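Novice: Would you mind keeping the following structure in view while I ask a few things?
The values are calculated or read from the model by the stated rules, or taken from the named source; none is laboratory data. Bear in mind that the values here come from a model prediction, so they are computed numbers and not experimental data. So basically every Cβ, Gly included, is an ideal-geometry build from the backbone, and we count neighbours across all protein chains shown. Side chains included, ligands, DNA and RNA excluded: accessible areas come from the protein's heavy atoms. Shrake-Rupley method; radii C 1.70, N 1.55, O 1.52, S 1.80 Å.
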Amino acid sequence: SKPKGLTGYLNLISQRAKIEGFLVFDYASRYGEAQTELAQWLKEGKLKRRFHVEQGLENCPKHLNGLFTGVNTGKMYGFVFPPR
């Protein structure tokens, strides 16, 4: 099923609430700091990585479409040849 959008947003007006987003580029000056902290969290096990691995050149078109339909979780790899 597709994710649902924001509901009850009209209540924000009466509550004088504020929704604010950000872009990662807003913090470009802190990338080095983030890289150091994320690496430490990986080492400590506080942050987990996920990989979605697919095999075979013949399967690439199907798996490429999966990138746009939410099939993968984490970073997707497609191996044309079997890994050594």
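Novice: Quick one, can you get me the convex hull of the C-alpha atoms of the stretch 23-80 expressed as volume per residue in Å³? Don't skip to the answer; put the middle values down first.
Specialist: Working: hull volume 7.1 nm³, N = 58.
Dividing the Cα hull volume of the stretch 23-80 by its residues yields 122 Å³.
Novice: Between TYR27 and ASN59, how many nm apart are label points set 7 Å from Cα along the C-beta direction?
Specialist: 3.5 nm
Novice: A further question on this structure: Using only alpha carbon pairs under 8 Å that are at least six residues apart, calculate the relative contact order of the chain and give it in whole percent. Write out the running numbers ahead of the final one.
Specialist: Numbers: 46 pairs, mean separation 20.9, N = 84.
Dividing the mean separation by the residue count of the chain yields 25 percent.
Novice: Based on the mean of other Cβ atoms within 10 Å per residue, sort peptides 67-78, 15-26 so the most packed one is first. Can you show the working numbers first?
Specialist: Numbers: 67-78: 11.8, 15-26: 6.9.
Final packing ranking: 67-78, 15-26.
Novice: Excluding ligands, DNA and RNA, what is the solvent-accessible area per residue of the chain at a probe of 1.4 Å, expressed in Å²? Walk me through the numbers on the way to the answer.
Specialist: Values: 8250 Å² over 84 residues.
Ligands and nucleic acids excluded, the figure is 98 Å² per residue.
Novice: Same structure, new question: Magnitude of the Cβ-charge dipole of the chain, K/R +1 and D/E -1, about the Cα centre, nearest 20 debye? Intermediate results must be reported in sequence, preceding the final value.
Specialist: Details: 13 positive and 7 negative charges, 51 e Å.
The dipole of the chain has a size of about 240 debye.
Novice: Ignoring everything except DSSP H segments at least 4 long, calculate the 222 nm mean residue ellipticity for the chain; use -39,500 (n - 2.57) per segment, divide by total residues, nearest 500.
Specialist: Theoretical 222 nm ellipticity from helices: -10000 deg cm²/dmol.
Novice: How much of the accessible area of the chain, in percent, comes from carbon and sulfur atoms when a 1.4 Å probe is used?
Specialist: Numbers: 4780 of 8250 Å².
Carbon-and-sulfur percentage of accessible area, whole number: 58.
Novice: Taking the chain as the reference, fit the longest principal axis to its C-alpha atoms, fit the long axis of helix 60-69 to the helix C-alpha atoms, and give the angle between the two in degrees, 0 to 90, nearest 10.
Specialist: 10 degrees
Novice: Would you list, by chain and number, the aspartates and glutamates whose Cα falls below 14 Å from the Cα of LYS75, excluding same-chain residues fewer than 8 positions away?
Specialist: Of all the aspartates and glutamates, those that pass the test against LYS75 - Cα under 14 Å, at least 8 places apart if same chain - are GLU54.
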